[in-house]
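Since the structure comes first, as structure tokens, the remarks are kept for the end.
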């Protein structure tokens, strides 16, 4: 959070006749003149200076430095892939080449590439290697982790600009979720389960945007079905989660189903954001009047107050003008029931609920002129 004028660090410099904030801002103006992000960069610099003033622990300073460097490097590398939709694929690094799951992950990678979706994995072997093998380098990104064993980059991305290496799991996991427009989870070990539950937690709590989460298993496989049975019998039955939370995940048994689930999610839905206290769902197509009227009652539980409003771009979202052509569905979201929000997304993705679809249907049934 921003520093207040009476902050100890700023007072220290004021006592020595220096306005630290003005000095930092002056340097930032030389580096990034007129940037709207200067207040953010200023607070980053003041945070580091505050740490230096405390100077409590060398290990804390080293962690901070490593994390900042990893973030900066990842931002730079990923800038070249900006604007491309990406799917993170999780699964065991120990899946053998002869396993049906390996073949399935390879099929998923190829199917995602055919849909012009990039495939993000941990960059290692097993499921990760298979998905990249199917997708090919042009559609692959690898977020590798530096370990003393097991986690070497797979042949598809090894030695290329499509590979990032991370020292910390937490920075790596940040980018797995930050860059993902969808997630496909194949069977795996502790790491896969950790990633699956963390992703679900982030989406369930609204800390990460809503995206499709697909559980993929081989035909007849019981890995994810067993996990879902446990979630229903223990978590849902004991009310540790909402019944609608399970709407956040879909279980499929083929590459085609997995990719279709992702493509269908973006049939009309584009993205979401908070704008002040209102929640904005961006759509490629406006809803018909009948569909909008229907969802007022059907999804009323999502609203704290007011109604769902369908609006054109108003200029308030000035920081993302590239989305100005999209229609907005705006409402006062309760911020809690993300599973029900997923059901709303499924509703707006039905072509029969789009305004132009209704118009075409009316044209088809219009009587012949006399």
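Computed from the coordinates by the stated procedures, all read-outs in this text should not be read as laboratory data. Just so it is clear, the structure is predicted and the values come from calculations on it, not from any experiment. Cβ coordinates were reconstructed from backbone atoms using ideal geometry, including for glycine residues, and neighbour counts include every protein chain displayed.
Structure notes:
- Here the peptides 203-215, 30-42 are ranked by packing, the mean other Cβ count within 10 Å, and the order with the highest first is 203-215, 30-42.
- Rotationally averaged projected area of the stretch 213-308 (alpha carbon convex hull; nm²): 8.4
- Three-way shape label, the stretch 269-360, alpha-carbon gyration tensor, a/c 1.5: oblate
- Ordered by the count of other Cβ atoms within 10 Å of each Cβ, fewest first, 12, 318, 285 give 318, 12, 285.
- Cβ-based exposure ranking for 269, 230, in which fewest neighbours within 10 Å come first: 230, 269
- Label-point separation in nm, residue 254 to residue 207, each point 7 Å along Cα→Cβ: 3.7
- Taking label positions 7 Å along the Cα-Cβ direction at both residue 289 and residue 194, the computed distance is 5.5 nm, reported to one decimal.
- Footprinting exposure proxy for 75, 168, 331, 90 (fewest neighbouring C-beta atoms within 10 Å first): 75, 168, 331, 90
- For the peptides 287-297, 96-106, residues were scored by their other Cβ atoms within 10 Å and the scores averaged per peptide; the highest-first order is 96-106, 287-297.
- For the stretch 98-191, the calculated P(r), taken from all Cα-Cα distances in 5 Å bins from zero up to the bin holding the longest distance, is 3, 14, 26, 28, 20, 8, 1, 0 percent.
- Calculated P(r) of the stretch 26-112 - Cα pairs past 20 Å, %: 64
- For the chain, the fraction of C-alpha pairs more than 32 angstrom apart is 46%.
- Column: log10 I(q)/I(0), Debye, Cα scatterers of the stretch 82-264, q = 0.09, 0.18, 0.19 Å⁻¹: -0.28, -1.18, -1.32
- Restricting attention to the chain, close to 45% of DSSP beta bridges with both partner residues there are antiparallel.
- For the pair the stretch 279-322 / the stretch 119-198, the C-alpha centres are spaced 35 Å from each other.
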